[in-house]
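First the structure, in the form of structure tokens, and then the observations on it.
The values are calculated or read from the model by the stated rules, or taken from the named source; none is laboratory data. Here the structure is a predicted model, which means the values were calculated and not measured. Ideal geometry is used to build each Cβ from the backbone, glycine not excepted, and the neighbour counts take in all protein chains shown. Please note that ligands, DNA and RNA were not included when accessible areas were found on the heavy atoms of the full protein model with its side chains. Shrake-Rupley method; radii C 1.70, N 1.55, O 1.52, S 1.80 Å.
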Amino acid sequence: MFSFKDLKTSVGWYCNLLGIPHNSDSVESPVYNIPITYETGLTLDDHTLDPDFRFEPSNNVLFNFYVKDIDEAYKFIKGNNIRIVKEIERIGDFAYFNFQDPDGNVLMICNS
């Protein structure tokens, strides 16, 4: 679980990124669980119940997404005007790039 300033905006952004439909009317603070059909879940938290919480985006990669086609994923991210903070790096058969969510948290996409 990691933190966001605007939960509804972040839920919409992540659902769009993952191709998961959502209804913004069902998003209620403080947390929203994005339904992922595999063993890993994605919980977004705006910490509205924690008055002492101070938001600071992560400059380090929080997690990564695996894709079959890194170039297609890169085009998708660019085409959605998402800020790329590290261009594609290729190391043998492995490739990855880093980008930011709307709150400035850094995420990674790598080929599988």
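Positive contributions from Lys and Arg (+1) and negative ones from Asp and Glu (-1), summed over other residues with Cβ under 9 Å from the Cβ of L7, come out at -2. A 1.4 Å probe run over the chain, with the rest of the protein chains in place, finds 64 Å² accessible per residue. Computed with every protein chain present, the accessible area of T48 is close to 90 Å² [probe 1.4 Å].
Using the alpha-carbon atoms, what tilt in degrees (0 to 90, nearest 10) does helix 7-18 show relative to the longest principal axis of the chain? Tilt relative to the chain: about 30 degrees.
Beta bridges per DSSP, both residues in the stretch 1-101: antiparallel share near 80 percent.
For the stretch 18-112, chymotrypsin sites (Phe, Trp or Tyr not before Pro) meeting the loop criterion (DSSP other than H, G, I, E, B) and having at most 16 other Cβ atoms within 10 Å: Y38, F53, F55, F63.
Mind running the shape call on the chain? Use the C-alpha gyration tensor, a ≥ b ≥ c as the square roots of the eigenvalues: rounded below 1.5 for a/c, prolate if a/b tops b/c, oblate otherwise. Prolate, since a/c reaches 1.5 and a/b exceeds b/c. Determine the relative contact order of the chain: mean sequence separation of Cα pairs under 8 Å and six or more apart, normalised by residue count, in whole percent. Relative CO of the chain lands at 25 percent.
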